[in-house]
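Coordinate-derived values only; no laboratory data. Quick caveat, the model's predicted, so the values are computed rather than measured. A quick note on method: Cβ atoms are made from the backbone with ideal geometry, for glycine too, and the neighbour counts reach across all protein chains shown.
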């Protein structure tokens, strides 16, 4: 990078990047993680891979949509005005998709009985699931390496599939093990 | 008594604020359903319609659903109130968490906890991927689409828009052809 972008440029980049992700956030936003990493880590260097994974983790740990962690990327991207960056990233992440939801009301009656609703919903699913696998790779890049860390991940995956323990508690349990073993 | 007195915008915002600041993951949909139905804002059928649309359109399901409910009850102002209620508390909470993160991430104990949590989040994502893939097993072509998408994104760094157009499009075409076949089968 020849020169650092100004705070204003960064705000514009945040706005543009997260609005695109918002509009493309099919499947509840599950599929946008790889692209978000490409932009935030690879292209703009707002955060490191490790920070990206930790912000994602915080997003999963806190109530509300996981993609709220966009706020933390905005926060880190604008050191001079962290709260402005956080607000801009969040607005860009949530307003466009919500506006589409509102705008859809006009089409509601025509679409309500349409078979296309199920066709589009079911048709997009395999691509979204593929993107979730890619998210595993993306998140793995910034997650701790080593047999012990992978063992924690495997046990959490197993507990998620086979027990009724909730998401936040599983992450906190993994964190407790981490204090003892991954310092 | 099908409609109770119209709720105020503040009512709407606070209802969704209470849900968004306390409920996690799938629990949010359940508590939203319970709140909306018990307040008589809409019936079960309307709510389930909204849930389906919320899942098809882009954006977090729970936020879309909140916006839908707000709009059904009080039009666009209601949608805005629901949006603010569903997004402002998580924003504030995640910022507090973020401020603590930047303050304490270097502490060795916090560092270890964060690494453990990150390993846990990786496990959750992998578990979710497995679970979702298992649901696709009924059609081999859907499994192929899952695999091809994952490879194209992770190895070739294919951009999201192209992924949705190509592999999302292929999935939609597949569903369309199946629905045609089913319709033909039913007609003959």
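Taking the empirical scaling 2.2 N^0.38 Å for compact globular proteins as reference, the stretch B:139-188 has a Cα radius of gyration ratio of 1.42. For the stretch A:1-32 versus the stretch B:113-188, the spacing of their alpha-carbon centroids is 24 Å.
For the stretch A:95-176, the alpha-carbon coordinates run over 54, 27, 23 Å along the three principal axes, in decreasing order. Computed per residue of chain B from DSSP H runs no shorter than four, each worth -39500 (n - 2.57), the mean residue ellipticity at 222 nm is -27000 deg cm²/dmol. In the stretch B:55-141, one over the average inverse separation of all distinct C-alpha pairs is 16.4 Å, which is the Kirkwood hydrodynamic radius. Measuring nothing but how far apart in sequence close Cα pairs (under 8 Å, 6+ apart) lie, relative to its length, the stretch A:53-98 scores a relative contact order of 28 percent. Of the residues A:45, B:111, A:37, A:4, the one with the fewest other Cβ atoms within 10 Å heads the list, and the complete ranking is A:4, A:45, B:111, A:37. Comparing mean-square fluctuations of A:31, A:42, A:123 from a GNM of chain A with C-alpha springs under 10 Å, the top value falls on A:123. Among B:36, B:144, B:94, the largest mean-square fluctuation in a Gaussian network model of chain B, built with springs joining Cα atoms closer than 10 Å, belongs to B:144.
As a proxy for reagent exposure, ranking A:161, A:72, B:9 by other Cβ atoms within 10 Å from fewest up yields A:161, B:9, A:72.
Fully extending the segment from residue B:37 to residue B:178, taken as 0.36 nm per residue of separation minus the present Cα-Cα distance, adds 47.2 nm.
Residue by residue along A:145-154, Cβ atoms of other protein chains within 10 Å of the local Cβ number 4 on average.
Helix content alone sets the calculated 222 nm mean residue ellipticity of chain A: runs of n ≥ 4 DSSP H residues at -39500 (n - 2.57) each, divided across all residues, give -22500 deg cm²/dmol. When every alpha-carbon pair in the protein assembly as shown is counted, what percent end up more than 41 Å apart? Above the 41 Å cut-off, the protein assembly as shown has 11 percent of its Cα pairs.
Annotation: the stretch B:7-104 has a Kirkwood hydrodynamic radius of 13.6 angstrom, from the mean reciprocal C-alpha pair distance. Shape index of chain A: Rg/Rh, with Rg the Cα radius of gyration and Rh the Kirkwood radius from the inverse mean 1/r over Cα pairs, equals 1.01.
Suppose we look only past 22 Å in the calculated P(r) of chain B. What percent of the Cα-Cα pairs does that tail hold? When every Cα pair of chain B is considered, 64 percent fall beyond 22 Å. Among B:131, B:175, B:45, sorting on how many other beta-carbon atoms sit within 10 Å of each Cβ, with the fewest leading, yields B:45, B:131, B:175.
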